[in-house]
1. Of the residues that sit in segment 59-86 and are exposed (fewer than 12 other Cβ atoms within 10 Å of the Cβ) and closer than 23 Å to S178 by Cβ, which one is farthest from ligand 2 (Cβ to nearest atom)?
2. Just one of (1) over 30 Å from N241 (Cβ atoms); (2) more than 15 Å from ligand 2 (Cβ to nearest atom); (3) open to solvent by less than 10 Å² (accessible area, probe 1.4 Å) trips up E160, so point out which.
3. Just name the residue that is farthest from ligand 4 (Cβ to nearest atom) out of those in segment 201-243 that are under 18 Å from G185 (Cβ atoms) and basic (K, R).
4. Among the residues that make up segment 206-217, is at least one of them surrounded by 13 or more Cβ atoms within 10 Å (Cβ to Cβ), over 17 Å from A60 (Cα atoms), away from ligand 3 (no atom under 15 Å from the Cβ) and of a type in the set (S, T, Y)?
5. I'd like the residue in segment 113-155 that is among the β-branched types (V, I, T) and either modelled with pLDDT of 95 or more or open to solvent by less than 10 Å² (accessible area, probe 1.4 Å) (or both) and, out of all such residues, is nearest to L62 (Cα to Cα).
6. Please verify whether E245 is of a type outside the set (A, V, I, L, M, F, W, C) and more than 16 Å from ligand 2 (Cβ to nearest atom), treating the condition exactly as stated.
7. Is there a residue in segment 237-253 that is open to solvent by less than 60 Å² (accessible area, probe 1.4 Å), under 27 Å from L137 (Cα atoms), modelled with pLDDT of 95 or more and not polar (S, T, N, Q)?
8. Would you be able to tell me the number of residues in segment 140-172 that are part of a loop (DSSP other than H, G, I, E, B) and under 21 Å from the mean Cα position of the chain (by Cα)?
Amino acid sequence: ICKKEGAMVSFFGTETQKAANERLLLESHLLDALRLNELEVYYQPLMSLRQGSKIIGAEALLRWHSPELGNVGPDRFIPLAESNGQIIEIGNFVLHQALEKASHWFKLTELPFKIAINISPLQFRERHFVEHIEDLLRLYQVPPQSLELEITEGILLQDEHHAKGSLAALRAIGVSISLDDFGTGYSSLSYLQKYSFDTLKIDRSFVSHLEFNEQNRELTRAIIAMAHKLKLAVIAEGVENAFQESFIRDEGCDYAQGFLYGKPVTAEVFHQLLRAQE
Ligand code: C2E
Ligand code: CA
Ligand code: CA
Ligand code: CA
């Protein structure tokens, strides 16, 4: 037994060490990634479920092509960038890139075009964040109505007063706000009551397995109905098949995003998709 316990301890010991080393390695490479041009913004189509199935926008999703580490997913490096503060610089890069592209794309479509950009809590809490967004909209000549900022509950956790003020200021200039990953946190319902949003994004975990899971269907149906009662638009994310699409469409969901319509692609490829549709 003693031997076994010893083995377990050293097993966990080495695993933790390994994880820490990996983290350090990622972090040291990430510090240079922007300067070395290794970061690229991809775009995933946002579809309207009302007007047939048309692309009405895109979500900007960051990609890191590292020569040393290969392609590293944002789920691995965004948390690191958040913990060392680099997310400010990286988030800024995404804002510039995506708004520059959007300045062409909103002219290409007849429908109002939306660029959706993920904002991390640290970024949102920066002083003058709202003014910064206004400056960028002016710089790239993108109408505020074409910008949607995706935020998560993390943003609302800390300084309630500041969050309320910034969200109201952004909405006052015409920028819309969507609450991302809805349903995965701890107190999403209380946030809906406290803050005002434009859009609610149903997390992928509800949408996947809709066809196999009665409970997921009931929850998804209830979320859509509740959002509409609160006058919020609803996006379902992670739509992968026709069953899921027809279910959410029948329930009155407004927008959809997922591999059924398209994976995140480069700006060039997304541009072609938009042009092919017009
Ligand atoms: P998210 O904001 O919830 O983004 C949606 C994620 O779901 C994306 O993963 C997207 O590729 C994936 N996805 C979309 N449709 C489907 C589908 O049908 N099936 C499946 N299996 N997956 C689908 P991705 O690109 O790996 O991003 C992961 C997370 O990293 C994002 O989750 C977001 O929290 C964060 N992230 C990505 N880019 C940025 C960024 O520029 N800034 C910040 N702050 N966070 C970012
Ligand atoms: Ca998002
Ligand atoms: Ca999400
Ligand atoms: Ca997510």
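The values are calculated or read from the model by the stated rules, or taken from the named source; none is laboratory data. What you see is a predicted model; the values in this text were computed from it and never measured. In this analysis, Cβ positions are derived from the backbone assuming ideal geometry, glycine residues included, and neighbour counts consider all displayed protein chains. Please note that ligands, DNA and RNA were not included when accessible areas were found on the heavy atoms of the full protein model with its side chains. Shrake-Rupley method; radii C 1.70, N 1.55, O 1.52, S 1.80 Å.
1. Among those that are exposed (fewer than 12 other Cβ atoms within 10 Å of the Cβ) and closer than 23 Å to S178 by Cβ, it is G73.
2. Just one mismatch for E160, condition (3).
3. The selected residue is K201.
4. No, segment 206-217 has no match at all.
5. If we take residues in segment 113-155 being among the β-branched types (V, I, T) and either modelled with pLDDT of 95 or more or open to solvent by less than 10 Å² (accessible area, probe 1.4 Å) (or both), then I117 is nearest to L62 (Cα to Cα).
6. yes
7. Scanning segment 237-253 turns up at least one residue that is open to solvent by less than 60 Å² (accessible area, probe 1.4 Å), under 27 Å from L137 (Cα atoms), modelled with pLDDT of 95 or more and not polar (S, T, N, Q).
8. First, the residues of segment 140-172 that are part of a loop (DSSP other than H, G, I, E, B): 141-143, 152, 158-159.
Within this subset, residues satisfying the condition of being under 21 Å from the mean Cα position of the chain (by Cα) are 142-143, 152, 158.
Residues that pass the stated criteria total 4.
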